[in-house]
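What follows is a short report on a single structure.
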Amino acid sequence: MRAPLRLLLALIAAAALAGCGFHLRGMQSSQLPYKTMYIALPETAEVNIWLQRYIRASGSTEIVDDGKAAEAIFQQLGDSRQKTILSVNAQGRVRGYRLQLTYTFRIVTPKGKTLVADNEINLSRDITYDDSNVLAKDLEEGLLWRDMNNDLVNQIMRRLSVIKPKNPDLEEDE
């Protein structure tokens with residue numbers, strides 16, 4: 001008698017959870033408002049590679065090889081990466097570093113009209129340092145930079161899917 005009651009309660013809970021609009025975070029929510037896009041970055045740039053992957057995964061925007069054929073052009077305005085000393089011990093040896101990434105971008109039309117104004121993304125990570133584990137800490141630093149790049153592309157995609165682009169036709173009339 002208790003088993004059917006538990007099954008019924010489980011079904012009710014599952015139906016309520018499915019009906020409330022809950023869904024896992026994924027690329028479905030990042031539909032870009034552009035049909036075609038050109039990414040004005042070198043093909044080997046890590047940000048370009050990840051950005052193309054994420055845009056293709058969203059399925060709503062096609063990446064083109066020519067800026068004149070694109071509805072929107074992604075332009076990188078700045079990419080600054082710094083490693084600064086965060087702390088030192090009593091002997092003056094470094095105990096921690098701060099990794100900082102500052103990235104600025106915008107979206108324009110092939111005619112140069114701004115669709116999305118300049119956006120700046122700032123990321124930072126702290127890392128401890130130990131002289132006896134230099135190789136391991138170098139590997140950890142590389143993984144942190146890669147994680148920051150992934151976070152950067154995620155933030156770019158979220159901003160591009162949320163920001164409503166300006167209508168360039170209305171700007172020309174004014």
Charges at C-beta only: +1 for Lys and Arg, -1 for Asp and Glu. How large is the resulting dipole of the chain about its Cα centre, in Debye rounded to 20? 820 debye
Report, by chain and number, residues whose modeled amide H sits under 5 Å from the one on residue 95, excluding near sequence neighbours (fewer than 5 apart, same chain). 87, 88, 89
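Based on the mean of other Cβ atoms within 10 Å per residue, sort peptides 58-69, 99-110 so the most packed one is first.
99-110, 58-69
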Helix-only mean residue ellipticity at 222 nm, the chain, DSSP H runs n ≥ 4 weighted -39,500 (n - 2.57), per residue, nearest 500. What is it? -12500 deg cm²/dmol
Determine, for the chain, the count of lysine pairs separated by eight or more sequence positions (or lying on different chains) whose alpha-carbon distance falls under 29 Å. 14
Contour minus end-to-end for residue 155 and residue 16, with contour as 0.36 nm per residue of separation and end-to-end as the Cα-Cα distance? 46.9 nm
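Roughly speaking, what is the stretch gain from residue 120 to residue 68, that is 0.36 nm per residue apart minus the C-alpha to C-alpha distance, in nm to one decimal? Mind showing how you got there, number by number?
Values: separation 52, 0.36 × 52 = 18.72 nm, distance 2.54 nm.
Additional length available on full extension: 16.2 nm.
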Say each of residue 95 and residue 77 gets a label point 7 Å from the Cα, pointing the same way as Cα to Cβ; how far apart are those two points in nm? 3.9 nm
If you compute semi-axes √(5λ) of the Cα gyration tensor in Å for the structure shown, which of (i) 35, 34, 14; (ii) 22, 20, 16; (iii) 26, 17, 15 do you land on? (i)
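Read-outs throughout are calculated quantities, based only on the coordinates presented, and are distinct from any laboratory measurement. Computed from a predicted model, the values in this text were never measured in an experiment. Every residue, glycine among them, receives a Cβ derived from its backbone with ideal geometry; neighbour counts consider all protein chains shown.
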